[in-house]
1. What angle do you read, to the nearest 10 degrees and between 0 and 90, between the alpha-carbon axis of helix 154-166 and the longest principal axis of the chain?
2. When each pair of different Cα atoms in the chain is counted once in the 1/r mean, what is the Kirkwood radius in angstroms, to one decimal?
3. What's the local net charge at I216, with K and R +1, D and E -1, over the other residues with C-beta under 14 Å away?
4. About its Cα centre, what dipole magnitude does the chain give when the only charges are +1 on Lys and Arg Cβ and -1 on Asp and Glu Cβ, stated in debye to the nearest 20?
5. Suppose we flag trypsin sites (Lys or Arg not before Pro) only when DSSP calls them loop and at most 14 other Cβ atoms lie within 10 Å. Which is the longest uninterrupted stretch of the chain?
6. If you average the alpha carbon positions of the range 193-236 and of the range 92-159, how far apart do those two centres end up, in angstrom?
7. Using the alpha-carbon atoms, what tilt in degrees (0 to 90, nearest 10) does helix 17-28 show relative to the longest principal axis of the chain?
8. Once the mean 1/r over all distinct Cα pairs of the range 30-129 is inverted, what Kirkwood radius in angstroms do you read off?
Amino acid sequence: MERRDFIKTGLISAAAPTLILADVETIKRSRNPMALSTWNHGLKANEEAMKLLLSQGNALDAVEAGVKISEADPTIQSVGLGGRPDKDGHVTLDACIMDSQGNAGSVAYLQDIKHPVSVARKVMELTDHVMLVGQGAKSFAITHGFKEENLLTEESRTAWLKWKKKLGKKDDLGPNDDHDTISLLAQDSIGNLAGACTTSGLAYKIPGRVGDSPIIGAGLFVDNEIGAAGATGRGEEVIKVAGSFLIVELMRQGYAPQDACKEALGRTIGRHDGELAFQIAYIALRKDGEIGAAAIRKGFKYALSSGNKNKLHSVKGIIN
Ligand code: SD4
């Protein structure tokens, strides 16, 4: 039973049973499946997600299958295999997933497992926890059949070694503007929403650092009544405003998805005087299919797919 059905049933069942039926019908009525994701590689992820969505697959399977394409691609250096490592050369991955029932699973600081999003899904479905980190997450993954493998490709290793050579004694972080985290939001043919977010985090981060991507409400949030939102960019700043949750709540209050994304960015911009040296971008998908996307700085792109269309769109930055 949908949460909304339950609420409706609880509130008005005695008075107006026909209304309840009508409402269930509205929820179940068929919709145009859609996939919305961050960055250029979102196109391929959407394509995979849409294969499922267009054959009556559910949104949860679609978002998982979609982002797994990015996780498995060694040329995408901010997600999964081939991700840029931390300061010490270790690839550490963060991911989360949410379904239409408000269930959530997440892993952080996971090493040597190519598909953190699938481990996150297992956490959601097989445990009563939401988040596993580090060695615990890895042991859990191995117990559930995930293969241990080296995720540091030669290309990422060479780039890391080059970065290390240039590193000054006081530097703690590497480049922070090289973002490509994938957040993917989808709606299936019965109107249900789901989302996934997966990343190797900031390049050359301090070992142990976890960003927004595996944090429910920061990197991703889904409320099947209202909509879904996902983030990419400087995770610390997304966490501080609970960015994705904020966007869904703003949509609940009546903000259009686009305005909700901008307002969430405004909260961050408002915390900083003058020049912002980092990027954050959000995407949002409202229950009725309207979407929004906004970024602090220029350069952000999102991929939107519905029907047989799958297109990349550029977003103007709010401050440049
Ligand atoms: C993080 N949000 O770990 C991620 C970084 C990112 O593409 O988006 N990279 O903070």
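The values are calculated or read from the model by the stated rules, or taken from the named source; none is laboratory data. Everything quoted here is computed from the prediction, not taken from an experiment. A quick note on method: Cβ atoms are made from the backbone with ideal geometry, for glycine too, and the neighbour counts reach across all protein chains shown. Surface accessibility is based on the protein's heavy atoms, side chains included, excluding ligands, DNA and RNA. Shrake-Rupley method; radii C 1.70, N 1.55, O 1.52, S 1.80 Å.
1. Rounded to the nearest ten degrees, it is 60.
2. One over the average 1/r among Cα pairs gives 19.6 Å for the chain.
3. -4
4. 700 debye
5. Formally, the longest exposed-site-free interval is 171-297.
6. 13 Å
7. It is inclined by approximately 40 degrees.
8. 14.1 Å
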